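The values are calculated or read from the model by the stated rules, or taken from the named source; none is laboratory data. Quick caveat: nothing in here was measured; it's all calculated off a predicted structure. Virtual Cβ from ideal backbone geometry, glycine too; neighbours counted across all protein chains shown. Quick note on the areas: whole protein, heavy atoms, side chains included, nothing else; ligands and nucleic acids left out. Shrake-Rupley method; radii C 1.70, N 1.55, O 1.52, S 1.80 Å.
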Amino acid sequence: MTRNLFVSAVLFLCSAATASSQNVSAGVSISGGRLSSFHVAIGDYYHVPESRVVYVRDHYHVRDEELPVVFYLASRAHVDPKVIIDLRMGHRMSWLDITFHYGLTPEIFYVPVTRVGPPYGNAYGHYKKHKNNYKKVVLVDADVINLVNLRFMSEYHGVAPEVVMDRRGKGETFVVMNNNFHEEKARHRDNNDDNGNGKNQHDNGKGKGHKNKGEGKG
């Protein structure tokens, strides 16, 4: 009987370990999917291959939400991203110092908005106070990261910057935000497809959408 209890206990532990491993794998898969989507979006927006984005992250140990800053400053300064990274990592320069290093001003970070919410209050407060002398503007690294990603998310997904601000203010990371925007677009397309299919059925099943598609090919 003791042996049977021992075997049962071993089988239980093995089963629990397998289930735990599957859950971890699923979690890694979901997380990896979000990161991959974020890297693809960066590549699309800044016109660089996704492989280059991943290389910069892995080789130079750049945090995901700082990747857009690297590629944005590189594009504005007309230099290779690794030059920006060298200033950041090798010379330990702040994002604002790198901006000034290339004769740029904090103006390049600001996106026109109708209202401001956290965590953007300080950055926009400095902009409003010193917009006639940008060298007096003080932006910490977190401000630059938030501002660059604000522009990136807003323009890439075609949403109002205030929407991005609201989500960021609720603690949403930009990696998760990017994934959520993609999912919301997909649901919107599915709803439109469903509505279109219903309309086509009502029109004697002639399939207006299919007809237009065929005409385009002709």
Review point. In region 61-93, which residues are closer than 16 Å to His47 by Cβ and open to solvent by 50 Å² or more (accessible area, probe 1.4 Å)?
Key: Ser75, Arg76, His78, Asp80
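Take the residues in region 35-57 that are more than 29 Å from Gly103 (Cα to Cα) and surrounded by fewer than 19 Cβ atoms within 10 Å (Cβ to Cβ); name whichever of them is farthest from the chain's Cα centre (by Cα).
Of everything passing the filter in region 35-57, Ser51 is farthest from the chain's Cα centre (by Cα).
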Check your understanding: List, please: which pairs have Cβ atoms under 7 Å, are six or more places apart or on different chains, and start with a residue in region 35-57 that is within 22 Å of Glu183 (Cα to Cα) and in contact (Cβ under 8 Å) with a residue 40 or more places away in the chain and end with one that is in a helix (DSSP H, G or I) and of a type in the set (Asp, Glu)?
Key -> Leu35/Asp64; Phe38/Asp64
Practice item. Scan region 125-135 and give yes if some residue there is on the phi < 0 side of the Ramachandran plot and crowded, with 21+ Cβ neighbours inside 10 Å, otherwise no. Key: no
